[in-house]
Every structure is written in structure tokens, then in C-alpha cells.
Amino acid sequence: MSKLHLPAPILPKQAVSAPRQAGSARLRWMAAWALGASLLAALAPAQAQFLTEGEQWQEGAVPPAPPFGTQGLVPFEVGVDSPLRFGLVPDTLQLGADGVIRYVVVAQSAGGAVNVFYEGLRCRTQEMRTYARWSPTQLPLPAPFGSDLGQWRSAGDTRWQGWRDHSAGRPAWALARAGLCDGAAPNGRPTQMLQALRQNPPLR
């Protein structure tokens, strides 16, 4: 009798491929875990630097006192009890990369006395600093007048001070409230600050 040759049984593909799929899934998971761990390690220094940025803040190089003219001053109110009229020179308003807003402010009395300051303020810490004071070289001054009729004098190695801690800080505080600051941050670009300042004219 001839022997009957039966074909070899065909195993289901699923039974063969299941172990391979499990191994591939495990390898993909391990690779993803390793990638995530490396990303976290790379981001850790950046996160630490961000958290301590405020403590490590340092003022950048201060630009020299700019030329100015008193035509087109943007008036602002320091206080109804102040005998002086204050105005910001719009062309001098700058926002530095260090977050400091710098500007020239002019204070005038009814009798014709004039004080001009080059200042900076920080919205985040509510501080101000005076860099220079302008003094005229001829009197009386015409109206309007420019910086060419006097000279800037450095205020020396001044420190940052809270704008509420002394009377000299009142103009900076008033400017911050009137439009230069938006809470603890600068109120956008200088053009936006000036727009906000013009929308808050003095009461008198």
C-alpha cells in the first residue's frame, strides 16, 4: 500500500508574529523613554535659569542722555498738590533689552523754573533711577527750548530705588500708572506706551 502524505499544518500567522510584535513594542517604548529622559535633562538647566532670572537680573549698558526739545511734550499728572507741570519728551522714550524704560522728563514751575531729568524705571520691581540732570547755560529760556541751550550732568553712581520711597520718584510712579507699565511688565512698545499716556491727560 502506498503511504498517504499529508501536507504540513499551516500555523496561524498570529501565533508566529505575536512574540515579535510584543518585542517590537517593548523596544519602541524603551526608545521613547530614553528620548524623553534626554529631553528632560536638556531642559533642566533652561528651566532653572528661568526660575532664577529675576535674581540674576543685571542692567544693560545705559545709553547716554539723549538730545531733547520741549515742543510736543506729553503732559502727565504727578499730583494735584504739585506746583510743577510735568511732561515726557516722546522722542526719548526707549525700552531696553534689560526691561528698563528710559526717558527724559521736564518739570516746569509757574515762575519759569525748569528741571530736566534722564531717568529709567522698572515695572517689575517698581523702582526708578536718575541717570543725569540737565542744566541751562543761559537764562531766561525761550519756550520751547532744546538741549543745545544747556548741558547734561551725570547724576553719579545712583542706585535703583522704590518710586514710592522718596519724592523724586513720584514722576516715575505717575508715568508707570498712566501708561508706561501694564502691571509688572512694560506696556508694550514705546508707541503703545505713548498712546496710553495721551489717553490719561492731567486734570489741570
Residue match in the range 89-101 (condition: surrounded by 13 or more Cβ atoms within 10 Å (Cβ to Cβ), on the phi > 0 side of the Ramachandran plot and of a type outside the set (Lys, Arg)): yes
Test set (1) assigned to a helix (DSSP H, G or I); (2) surrounded by fewer than 20 Cβ atoms within 10 Å (Cβ to Cβ); (3) on the phi > 0 side of the Ramachandran plot - residue 156 fails condition number: (1)
Flag for residue 60 being at pLDDT 95 or above, surrounded by 10 or more Cβ atoms within 10 Å (Cβ to Cβ), outside any loop (DSSP other than H, G, I, E, B) and on the phi < 0 side of the Ramachandran plot: no
Filter result (in contact with a strand residue (DSSP E or B) (Cβ under 7 Å, 6 or more places away or on another chain), without any contact (Cβ under 8 Å) to a residue 40 or more places away in the chain and surrounded by fewer than 19 Cβ atoms within 10 Å (Cβ to Cβ)) within the range 109-129: 109, 115
Hits in the range 130-147 (condition: surrounded by fewer than 19 Cβ atoms within 10 Å (Cβ to Cβ), more than 30 Å from residue 183 (Cα to Cα) and either touching a Lys or Arg at 6+ places or on another chain (Cβ under 9 Å) or not small (Gly, Ala, Ser) (or both)): 135, 136, 137, 138, 139, 140, 141, 142, 144
Exclusive hit being modelled with pLDDT of 95 or more, over 14 Å from the mean Cα position of the chain (by Cα) and basic (Lys, Arg), set 102, 133, 124: 133
Members of the range 162-204 found to be of a type in the set (S, T, N, Q), surrounded by 13 or more Cβ atoms within 10 Å (Cβ to Cβ), modelled with pLDDT of 95 or more and out of contact with any Cys (no Cβ under 8 Å at 6 or more places or on another chain), listed by number: 192, 195
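The values are calculated or read from the model by the stated rules, or taken from the named source; none is laboratory data. Since this is a predicted model, take the numbers as computed values, not measurements. Glycine gets a Cβ as well: all are built from the backbone with ideal geometry, and neighbour counts include every protein chain shown.
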